[in-house]
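Please read the structure below before turning to the comments.
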Amino acid sequence: MTEAFRQGGILPGRLGPEDLSRNFSDLHAAFDRHEATVAADRCYFCHDAPCVTACPTSIDIPLFIRQIQTGMPEAAAKTIFDQNILGGMCARVCPTETLCEEACVREAAEGKPVEIGRLQRYATDSMMAAGEHPYTRAAPTGKRVAVVGAGPAGLACAHRLAMHGHDVTMFDARPKPGGLNEYGIAQYKAPGGFAQAEVDWLLKIGGITVETGRAIGAGLTLPALREEFDAVFLGIGLAGVGALGLEGEDMTGCENAVDFIATLRQTEDLTTLPIGRHVVVIGGGMTAVDAAVQSKLLGAQSVTIAYRREQSRMPASRYEQDLAATHGVQILTHVVPVALRGDAQLREIELAYVDGDMKPTGETVTLKADQVFRAIGQKMEAVEGLAVEGGKIAITGAGRTSVEGVWAGGDCATGGEDLTVTAVAEGRDAAEDIHAALTA
Amino acid sequence: MADLTTDFVGIKSPNPFWLASAPPTDKEYNVRRAFEAGWGGVVWKTLGAEGPPVVNVNGPRYGAVYGADRRLLGLNNIELITDRPLEVNLREIKQVKRDYPDRAMVVSIMVPCEEEAWKAILPRVEETGADGIELNFGCPHGMSERGMGSAVGQVPEYIEMVTRWCKQYTRMPVIVKLTPNITDIRKPAAAAHRGGADAVSLINTINSITNVDLDLFAPEPTIDGKGSHGGYCGPAVKPIALSMVSEIARAPETRGLPISGIGGVTTWRDAAEFMALGAGNVQVCTAAMTYGFGIVKELTAGLSRYLDEKGMTLGDLTGRAVPNVTDWQHLNLEYVTKARIDQDLCIKCGRCYAACEDTSHQAIGMSPDRTFEVIDAECVACNLCVDVCPVEDCITMERLAPGTVDPRTGRTVRAEPADWTTHPNNPGSPNYVPAGQTAMVSEPAE
């Protein structure tokens with residue numbers, strides 16, 4: 001705690017470097033060899049295992065855990081990467097409590113699943129730490145594919161295409177590749193520059209060129225890409241954040257949660273990152289939790305998540321909700337923001353209580369707020385010429401868009417949850433479909 | 001609290017748990033600690049003949065086999081008999097026995113297979129006030145290369161001869177410790193019996209190599225790049241020991257010969273099983289070497305409580321299961337069971353399905369929602385599903401009542417037992433029907 005801790009307004013350095021370093025270190029410590037062995041011993045090696053079914057990338061989980069048991073974590077890593085080349089990041093950010101670990105039969109038996117996520121990290125870290133990249137490229141096909149968006153979907157797609165011998169050019173609007181892995185998730189889930197290290201490791205396959213600072217609408221057009229490349233994959237994610245639609249949203253202190261998180265992720269020295277004394281996050285998803293918890297970890301005194309429905313309907317998993325509560329974040333439900341007050345700088349927010357049909361009950365509450373983070377969902381920025389469905393690029397099969405030669409996957413496309421692991425699966429499957437189309 | 005006092009071939013102890021002749025009983029310090037912890041008796045680690053003591057290797061002596069979470073399931077050792085001077089051991093034995101007169105003090109002995117050697121050592125052991133002796137005819141490593149240990153235990157004539165010498169030269173009860181590294185345990189047991197042994201104890205350790213170092217390409221434990229087979233013990237050997245104990249308990253030649261049960265006894269339950277198969281007491285080593293002497297509290301409390309719950313005395317327990325150990329040919333073929341899966345307990349891991357579908361009889365069905373059910377028309381009641389199920393009592397075997405039809409064979413189960421001895425497929429059976437002929441009598445179930 002520093003002197004700034006008790007001061008109002010948006011200030012850097014509310015906590016000292018030691019506190020910040022501790023707060024933003026690994027949420028789950030890595031397993032050491034002994035811990036991994038003990039955890040692996042709990043796996044029953046189920047037949048047609050429910051955890052595999054629950055994994056969007058269908059990793060052969062019992063097999064990789066058995067490989068850890070037998071002292072071959074690198075072989076385990078290969079099993080994981082065969083299905084999910086971003087298995088290292090997914091091990092860190094997957095909501096395993098609603099995927100593989102929820103399906104684990106030991107969850108049914110004892111309420112204590114095999115710790116699949118941490119075991120996956122143990123395996124993938126083992127291979128990545130050794131610098132081993134277990135894949136080589138097939139003979140060159142002479143085909144060129146453009147992958148737009150270097151996030152999880154794009155990276156998975158690019159890697160698989162490169163493996164099949166195609167030449168890939170990746171474009172990304174941001175200065176660094178990685179997408180949400182680099183810019184969009186809580187720091188404590190992937191500290192130590194893991195996102196970039198993973199991209200570097202993935203690119204060892206060869207045959208992939210990355211061009212940053214380039215996006216559709218920023219120097220690239222779909223017709224030009226189609227002209228220049230044999231196929232195009234779009235993994236452009238979501239960009240626009242909806243406004244609250246309230247007066248005063250231009251005041252200092254009103255920000256998008258995703259921008260706050262991105263800034264935090266790119267800030268080398270967190271003592272320089274300003275945070276409000278009182279923070280309110282509007283929304284109920286993972287982004288809301290990531291913003292709220294990290295606000296608290298930066299030294300905000302009070303942090304409130306304001307969600308419009310009952311807590312059980314929050315898109316953030318129960319585990320994430322508990323994580324927020326453990327960090328002292330208050331979760332306020334059945335409220336919608338109705339007024340922002342302040343002068344040039346935001347001072348407080350008024351929230352109205354609503355019933356199940358979103359009708360105001362007449363009761364309101366006013367919270368001190370130096371900062372309000374909007375985490376009310378993002379929208380896809382439409383790409384001209386592509387059919388859209390429910391605000392996303394419409395796809396059929398393995399990522400085929402309405403335009404021939406153009407595939408899409410990840411958060412920008414229809415189908416699946418907006419999760420890293422889902423994006424990886426969609427990118428991978430689209431790559432296989434592109435490969436089939438290009439070699440038909 | 002059931003009375004655990006034991007009188008084994010005249011040797012009294014407050015409970016039937018003795019520490020086996022092994023590293024835990026090699027010297028006074030350890031044995032005093034054992035008695036303070038509550039052990040009923042010890043078999044002092046094997047004494048050799050007077051003169052320069054044996055030497056042990058100075059590298060690792062033990063190798064291990066692990067289960068989940070590094071639970072020690074099997075231990076192998078290449079340690080020899082005591083490497084301390086005979087006089088020191090004898091002096092300590094005398095002191096400890098004097099201080100703990102209520103505990104059993106048995107001394108293990110291994111000297112060359114010569115009458116003079118045995119004649120020389122026996123009075124000196126007797127002089128300590130020890131309650132009995134155990135003849136080490138079991139050690140499978142090192143000493144056997146010098147014509148002792150299992151080299152004697154593998155030749156029934158030698159066992160009989162040495163046992164006779166011992167009975168001739170001492171008044172102490174003689175327990176003969178048997179090696180399992182033979183083909184038929186009844187032969188050495190019968191030889192000991194003929195030689196006048198008061199009891200046999202078994203099993204000693206089993207020839208073993210626990211692991212191979214895959215970098216050095218040498219057996220473990222590895223001594224400067226080489227390894228030697230050792231003696232295997234611990235929970236992994238219990239089934240072998242139980243079988244051998246039961247063979248001696250029910251063989252006509254050795255029936256009634258007192259047995260001290262050894263081999264992987266870790267819990268009160270293990271001890272009770274040995275005793276039910278005919279052991280009058282048990283000896284423990286690996287469990288103590290793994291967890292320390294404190295385990296004796298679990299052993300005594302558990303056995304006592306079990307006896308109370310059953311309303312039995314220790315004497316009632318000894319040999320109680322022996323009449324139920326029989327030959328395969330006498331097993332009732334009209335005992336027809338089917339596996340039953342308790343759906344409330346099932347956690348849907350599917351291991352029963354994988355085991356049955358891949359390696360057995362395709363008798364478990366799996367529905368899309370992962371409900372696993374037994375197909376009676378295929379189930380041969382092999383029990384594999386029960387054995388691989390991680391949930392206790394989730395899968396059980398249910399007997400088909402007499403009069404019901406076994407959907408697998410289409411035959412009606414009969415109330416009267418019928419076994420292989422009367423089966424029409426058995427050429428030795430009075431009901432034998434050669435191939436191509438029709439049975440004149442109705443067949444019992446398969």
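This ranking places B:Asp342, A:Asp357, A:Asp411, A:Asp41 by how few other beta-carbon atoms lie within 10 Å of each, fewest first, which gives A:Asp357, B:Asp342, A:Asp41, A:Asp411.
The lysines whose alpha-carbon is closer than 16 Å to the alpha-carbon of B:Lys97, local same-chain residues fewer than 8 away aside, are B:Lys12, B:Lys27, B:Lys45.
Peptide A:219-225 is shielded by partner chain Cβ atoms: per residue, an average of 0 of them sit within 10 Å of its Cβ.
Principal-axis analysis of the Cα atoms of chain A puts helix A:257-266 at an angle of about 70° to the longest axis. Computed as a quarter of the hull surface, the mean projected area of the alpha carbon convex hull for chain A stands at 22.2 nm².
Evaluating 6.51 cos²θ - 1.76 cosθ + 1.60 at θ = phi - 60° for every residue in region A:48-62, the Karplus couplings come out as 6, 4, x, 5, 5, 4, 7, 7, x, 9, 6, 5, 6, 5, x Hz, glycine and proline recorded as x.
Sequence-ordered 3J(HN,Hα) estimates for region A:274-284 from the Karplus curve with 6.51, -1.76 and 1.60 and θ = phi - 60° stand at x, 8, x, 6, 10, 10, 10, 10, 9, x, x Hz, glycine and proline given as x.
For chain A, the tally of Lys pairs with Cα-Cα distances below 26 Å comes to 16, considering only residues 8 or more apart or on different chains.
Hey, how many Å between the Cα centroid of region B:83-144 and the Cα centroid of region A:35-71? First find each Cα centre; the distance between them is then 53 Å.
Each part reduced to its alpha carbon centroid, region A:284-341 and region A:221-265 end up 22 Å apart. Among B:Ala355, B:Ala20, B:Ala249, which one shows the biggest mean-square fluctuation in a GNM of chain B, springs joining Cα atoms closer than 10 Å? The residue that fluctuates most here is B:Ala355. The lysines within cross-link reach of B:Lys338, meaning a Cα-to-Cα straight distance under 16 Å and a gap of 8 or more places when in the same chain, come to none at all. Remark: mean inter-chain Cβ contacts per residue of A:38-49 equal 5, using a 10 Å Cβ-Cβ cutoff to other protein chain atoms. Computed from the alpha carbon atoms alone, the convex hull of the protein assembly as shown holds 258 Å³ per residue.
In this label model, A:Asp357 and B:Glu114 are separated by 10.9 nm, measuring between points 7 Å along each Cα→Cβ vector.
For A:Ala215, the residues 5 or more places off, or on other chains, whose built amide H falls under 5 Å of its own are A:Leu220.
Among B:Arg408, B:Arg32, B:Arg84, the residue with the largest mean-square fluctuation in a Gaussian network model of chain B, with springs joining Cα atoms closer than 10 Å, is B:Arg408. Taking Cα atoms only, the orientation of helix A:152-163 departs from the longest principal axis of chain A by about 10 degrees. Between B:Val245, B:Val65, B:Val380, the Gaussian network model of chain B with springs among Cα atoms under 10 angstrom shows the greatest mean-square fluctuation at B:Val380. Note on B:341-349: average number of Cβ atoms from other chains within 10 Å of each residue's Cβ is 4.
Protection proxy ranking, highest mean first, for peptides A:234-243, A:176-185: A:176-185, A:234-243, where packing is the per-residue count of other beta-carbon atoms within 10 Å, averaged. In the protein assembly as shown, the calculated helix contribution to ellipticity at 222 nm averages -9000 deg cm²/dmol per residue, counting -39,500 (n - 2.57) for every DSSP H run with n ≥ 4.
Cβ crowding within 10 Å, taken as a proxy for footprinting-reagent exposure, orders B:Trp39, A:Trp201, B:Trp118, B:Trp420 from fewest neighbours to most as B:Trp420, A:Trp201, B:Trp118, B:Trp39.
Principal-axis analysis of the Cα atoms of chain A puts helix A:116-129 at an angle of about 60° to the longest axis.
With Cα atoms defining each centre, region B:1-50 and region B:278-350 are spaced 23 Å apart in the structure.
Close amide H partners of A:Val388, meaning residues 5 or more places away or on another chain with modelled amide H under 5 Å apart, are A:Ala394.
Annotation: amide H of B:Asp213 within the under-5 Å range of B:Ala218, B:Glu220, sequence separation 5 or more or interchain, hydrogens built in the peptide plane. Take the convex hull of the alpha carbons in region B:177-245; its mean projected area over all directions comes to 5.8 nm². First obtain the Kirkwood hydrodynamic radius of region A:334-411 from its Cα pairs, then insert it into the Stokes-Einstein equation at 10 °C and 1.306 mPa s, and state the resulting D in µm² per second as a whole number. The calculation lands on 99 µm²/s.
Computed over region B:6-324, the Cα gyration tensor eigenvalues convert (square root of 5λ each) into semi-axes of 26, 24, 20 Å, ordered from largest to smallest.
Shown for B:Glu134, B:Glu92, A:Glu247: other C-beta atoms within 10 Å of each C-beta, ranked fewest to most, produce the order A:Glu247, B:Glu92, B:Glu134.
Any read-out appearing in this document is the output of simple, stated calculations on the displayed coordinates, not a laboratory observation. Keep in mind the model is a prediction, meaning the values are calculated, not measured. Here Cβ is always computed from backbone atoms with ideal geometry, including for glycine, and neighbour counts include all displayed protein chains.
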